[in-house]
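Trainee: Dropping a structure here in structure tokens format, bear with me for questions.
The values are calculated or read from the model by the stated rules, or taken from the named source; none is laboratory data. Given the structure is predicted, the values throughout are model-derived calculations rather than measurements. Note: ideal-geometry Cβ built from the backbone for every residue, glycine included; neighbour counts use all protein chains shown.
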Amino acid sequence: MIKILNVVGARPNFMKMAPLIEAMGRHPDQICHRLVHTGQHYDERMSRSFFEALGMPRPDVDLEVGSGSHAEQTGRVMMAFEKVCLAERPDWVVVVGDVNSTLACSITAKKLGIRVAHVEAGLRSGDMDMPEEINRLCTDVICDLLFTTDRVASENLAREGVADHKVFFVGNVMIDTLLKHRALAEGLELLEGIGVVPGGYGVVTLHRPSNVDRRDVLEGILAALAEIARQLPIVFPMHPRTRKMIDEFGLAGYLGQPEAGRGIITLEPQGYLEFMHLNMNARVVLTDSGGLQEETTVLGIPCITLRSNTERPITCLEGTNRVVGSGQEAILAAAAEVLEGRWPSGRVPERWDGRAAERIVEVLLSADQAN
Ligand code: UD1
């Protein structure tokens, strides 16, 4: 019997972990798995609603670390997770993604001599100003197994000198979740309530510190969105960090007071299925999220990425994504291309087929037998 501690912390972790828990659950005689939530995200709409929508079990342990500076948050997770590792003595810790909890739990486990597997390894933006890039690099360098979503990520790890036998190109667990819930999300009826029609609106998400923590950058983006919204209503589910910064900088005027179905329509953070429903029916998505670049590629929806780089270049090489930066003119030019029907279509990357979690569990089982 292998004992595995699965770790989640922030919103994007939940949809990556759900299929892994399901796949582990298919081997009750071989795997005993427990779920640890660090509590990095804690609001109902940022956390618990996802457990319910994705059919995930409640966490066995909640570290309840909450928000704070990077050092505070990372340090609190490490101190609390160390106690859990000492009590549980797992054979493996499995971490996903690139949030502070990913890094904190990897280091903690590794220093206790516990093997660590990183799901979504090898992604690189090359941008060391991004906290997530630091988390990715530091996590990958200490992990025992590295599961990648695409060949570019595997190549990145090879270039950094990671031994081949540790790296497995398995596909994309977040896409496992998308494909599983696609039909359910399709069946929702939300658009009428918001006042938009299928194919007749854009979706925006924004939360990166590089976009929302500087007044001039945030103002440029909001001005571009307000301009686009004159032609195409913009639905904007707002991350708590972004709402806080818009209020602090006094930029709420750009959001206006839209009548139903016009202008920039702001919403609370959405549940998983509701958000997917919004995306799959959109004319275009504008975002600084990492995961959404991948989801739009699978859904075949044009994606305008409001960043100067991406750790997911496969979505540009093969999918519907383009990285345009955060400048007002560049955003408007890209949106014009979409509205004029000039956006290229893409294809779904290799192994984004709904079976990534299954492949990962096979590797974990055979890696354990090898020891
Ligand atoms: C974190 C991740 C980022 C990920 C994002 C998805 C890191 C470094 N960043 O960024 O990679 O893309 O999650 O959402 O790990 N807040 C709430 N309620 C919550 C959580 C946060 O109101 O449940 C507010 C707090 O004011 C907090 C701020 O949002 O200070 C930022 O939260 P934090 O977890 O530090 O980073 P995110 O910006 O959410």
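Trainee: Being buried (at least 16 other Cβ atoms within 10 Å of the Cβ) and within 25 Å of PRO269 (Cβ to Cβ) narrows it down to one of LEU306, LEU364, so name that one.
Mentor: When all the criteria are applied, what remains is LEU306.
Trainee: If you don't mind, another one. Which residue, of HIS33, HIS41, HIS27, is out of contact with any Ser or Thr (no Cβ under 8 Å at 6 or more places or on another chain), in a loop (DSSP other than H, G, I, E, B) and not basic (Lys, Arg)?
Mentor: So the residue among HIS33, HIS41, HIS27 that is out of contact with any Ser or Thr (no Cβ under 8 Å at 6 or more places or on another chain), in a loop (DSSP other than H, G, I, E, B) and not basic (Lys, Arg) is HIS27.
Trainee: Take the conditions over 15 Å from ALA357 (Cβ atoms), within 16 Å of the ligand (Cβ to nearest atom) and not in a loop (DSSP other than H, G, I, E, B) and apply them to VAL93. Does it pass?
Mentor: no
Trainee: Also, quick follow-up: Please indicate, with yes or no, whether at least one residue in the range 26-35 is of a type in the set (Asp, Glu) and modelled with pLDDT under 95.
Mentor: For the range 26-35, residues of a type in the set (Asp, Glu) and modelled with pLDDT under 95: absent.
Trainee: Just the residues that are surrounded by fewer than 22 Cβ atoms within 10 Å (Cβ to Cβ) and either within 16 Å of the ligand (Cβ to nearest atom) or of a type in the set (D, E, K, R) (or both), please, taken from the range 13-40.
Mentor: Once the filter is applied, which keeps residues that are surrounded by fewer than 22 Cβ atoms within 10 Å (Cβ to Cβ) and either within 16 Å of the ligand (Cβ to nearest atom) or of a type in the set (D, E, K, R) (or both), the range 13-40 yields GLU22, ARG26, ASP29, ARG34.
Trainee: With the requirement that a residue be away from the ligand (no atom under 12 Å from the Cβ) and in contact with a Lys or Arg (Cβ under 7 Å, 6 or more places away or on another chain), what does the range 62-88 give you? Break it down stepwise before answering.
Mentor: Initial filter on the range 62-88 (away from the ligand (no atom under 12 Å from the Cβ)): 62-63, 75, 78-88.
Answer for the range 62-88, where residues must be away from the ligand (no atom under 12 Å from the Cβ) and in contact with a Lys or Arg (Cβ under 7 Å, 6 or more places away or on another chain): just GLU88.
Trainee: Can you name the residue in the range 106-137 that is in a helix (DSSP H, G or I) and either away from the ligand (no atom under 12 Å from the Cβ) or modelled with pLDDT under 95 (or both) and, of all such residues, is surrounded by the most Cβ atoms within 10 Å (Cβ to Cβ)?
Mentor: Among residues in the range 106-137 that are in a helix (DSSP H, G or I) and either away from the ligand (no atom under 12 Å from the Cβ) or modelled with pLDDT under 95 (or both), the one surrounded by the most Cβ atoms within 10 Å (Cβ to Cβ) is ALA109.
Trainee: Could you check the range 31-62 and list, in sequence order, the residues that are in contact with a strand residue (DSSP E or B) (Cβ under 7 Å, 6 or more places away or on another chain) and over 22 Å from HIS207 (Cβ atoms)?
Mentor: ILE31, CYS32, HIS33, ARG34, LEU35, VAL36, PRO57, PRO59, ASP60, VAL61, ASP62
Trainee: Of all the residues that make up the range 241-288, how many are among the polar types (S, T, N, Q), farther than 19 Å from GLU189 by Cα and surrounded by fewer than 22 Cβ atoms within 10 Å (Cβ to Cβ)?
Mentor: 1
Trainee: Could you say whether any residue in the range 317-329 is under 30 Å from ILE4 (Cα atoms) and modelled with pLDDT of 95 or more?
Mentor: No, that holds for no residue.
Trainee: Among the residues of the range 190-206, what is the count of those that are away from the ligand (no atom under 16 Å from the Cβ), among the aliphatic types (A, V, I, L, M) and not in a loop (DSSP other than H, G, I, E, B)?
Mentor: The number of residues fulfilling the criteria is 2.
So that you can scan it fast, the table gives a plain yes or no per residue for (1) within 20 Å of SER308 (Cα to Cα); (2) within 16 Å of the ligand (Cβ to nearest atom); (3) over 24 Å from the mean Cα position of the chain (by Cα); (4) not basic (Lys, Arg):
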{"position": "VAL152", "(1), (2), (3), (4)": "yes, no, no, yes"}
{"position": "PHE168", "(1), (2), (3), (4)": "no, no, no, yes"}
{"position": "ARG182", "(1), (2), (3), (4)": "no, no, no, no"}
{"position": "ARG208", "(1), (2), (3), (4)": "yes, yes, no, no"}
{"position": "ALA226", "(1), (2), (3), (4)": "no, no, yes, yes"}
{"position": "ALA229", "(1), (2), (3), (4)": "no, no, yes, yes"}
{"position": "MET238", "(1), (2), (3), (4)": "no, yes, no, yes"}
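Trainee: Looking only at strands (runs of 3 or more DSSP E) that fall completely inside the range 224-343, which ones have 2 or more residues that are out of contact with any helix residue (DSSP H, G or I) (no Cβ under 8 Å at 6 or more places or on another chain)?
Mentor: On the way: elements: 234-237, 264-267, 284-287, 303-305, 321-323.
Hits in the range 224-343: none.
Trainee: Looking at the structure I just gave you, is ASP43 of a type outside the set (Val, Ile, Thr), within 29 Å of GLU274 (Cβ to Cβ) and buried (at least 22 other Cβ atoms within 10 Å of the Cβ)?
Mentor: Spelling it out, it is not the case that ASP43 is of a type outside the set (Val, Ile, Thr), within 29 Å of GLU274 (Cβ to Cβ) and buried (at least 22 other Cβ atoms within 10 Å of the Cβ).
Trainee: While we're here: Here are the criteria: (1) of a type in the set (S, T, N, Q); (2) more than 16 Å from the ligand (Cβ to nearest atom); (3) under 18 Å from the mean Cα position of the chain (by Cα). Tell me which single one SER49 does not satisfy.
Mentor: Status for SER49: all satisfied but (2).
Trainee: Any residue in the range 53-81 that's free of Cβ contacts under 8 Å to residues at least 40 places away in the same chain and part of a helix (DSSP H, G or I): show its pairings with residues that are crowded, with 20+ Cβ neighbours inside 10 Å and aliphatic (A, V, I, L, M) at Cβ separation under 8 Å, as long as the two are six or more apart or on different chains.
Mentor: Here the result reads GLN73/VAL65; GLN73/ALA104; THR74/LEU103; THR74/ALA104; GLY75/ALA104; ARG76/LEU63; ARG76/VAL65; MET78/ALA104, each pair linking the range 53-81 to a residue that is crowded, with 20+ Cβ neighbours inside 10 Å and aliphatic (A, V, I, L, M).
Trainee: ILE194 passes all but one of (1) of a type in the set (Val, Ile, Thr); (2) buried (at least 17 other Cβ atoms within 10 Å of the Cβ); (3) in contact with a strand residue (DSSP E or B) (Cβ under 9 Å, 6 or more places away or on another chain); which number fails?
Mentor: (2)
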